[in-house]
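One structure below.
The values are calculated or read from the model by the stated rules, or taken from the named source; none is laboratory data. What you see is a predicted model; the values in this text were computed from it and never measured. Because the Cβ atoms are built from the backbone with ideal geometry, glycine has one as well, and the counts that use them run over all protein chains shown. Side chains included, ligands, DNA and RNA excluded: accessible areas come from the protein's heavy atoms. Shrake-Rupley method; radii C 1.70, N 1.55, O 1.52, S 1.80 Å.
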Amino acid sequence: MKYVIYVVGIFILTLGISFTIQSDLGTSPFDALLVGLSQNVGLTVGSWEIILAFILIGCNSLLKRQRPEVLGLLTAFITGIGIDMWLFLLTNLITLELWYSKVVCFGIGLVVIGLGTATYLHTNLTPIPIDRLTLIIQELTRTNIFFARTLIYLVFLIMAWILNGPIGVGTLLTVCFGGLILNFFMPVIKKVLERVLTHSSTSSHNDKGKNHSI
């Protein structure tokens, strides 16, 4: 059940990322960097997600002084596929021309990103390297998710600006509210998943008991 929630969480996350990219109002600094690399160097946005994940895994390993979390590449691979898949579908299904439709699209994306991230992080399986970095920074600075996420966003904002990534009002909103939204969803999703996993475990135990009695 955990693995199903894990994959569902990542696909929810990538749907949110694709919504923000499609809104054309600016994406998160990290996603702006991915789009900037895709436009200037080549390859798809999802491909750069995987490439940068490899680099971040090395950085995380140095910060934690432990072996590289190679399984993080699997998470990044699923994320990369999800981004490219949703972008392909949204590009063909949604055409945004009016400013308020772009705002709605971006707002949905920002909330969905927080929901998806909180969902898959609570499975305690391997996180996307940038999310692992967020948790490491939170631990090292002894602060909360909001501070750690905002700090990382500011660093990637500078890098995205250098590469002429899609930076706009949406990027600033992500820097200001991205961490806050994630911080909000973390305890909410934790309660929901605890109920779901407990119910699933109880049902499985009862089924085994019935089979045994038969």
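Close amide H pairs (under 5 Å, H built 1.01 Å from N) link residue 167 with no residue at least 5 positions away or on another chain. If a spin label sat at a point 7 angstrom from the Cα of residue 91 along the line to its beta carbon, the backbone N atoms of the stretch 21-47 nearer than 18 Å would be those of 21-27, 31-47. When shorter helices are ignored and each DSSP H run of at least 4 residues is given -39500 (n - 2.57), the per-residue value for the chain at 222 nm works out to -28500 deg cm²/dmol.
For the stretch 116-199, the solvent-accessible area of protein heavy atoms averages 52 Å² per residue (probe radius 1.4 Å; ligands and nucleic acids excluded). The accessible surface of the stretch 78-123, taken with every protein chain in place and a 1.4 Å probe, is 75 percent carbon and sulfur.
Put 69, 194 in order of accessible area, highest first, and with a 1.4 Å probe you get 194, 69.
For the stretch 1-123, a crude dipole built from +1 on the beta carbon of Lys and Arg and -1 on the beta carbon of Asp and Glu, taken about the Cα centre, is about 460 debye to the nearest 20. Close Lys pairs in the chain, defined as Cα atoms under 28 Å apart and 8 or more places apart or on different chains, number 8. Estimated from the Cβ-Cβ distance and a Förster radius of 30 angstrom, the FRET efficiency linking residue 143 and residue 197 is about 0.60. Charge dipole (Cα centre; +1 on Lys/Arg Cβ, -1 on Asp/Glu Cβ; no other charges) of the chain amounts to roughly 780 debye.
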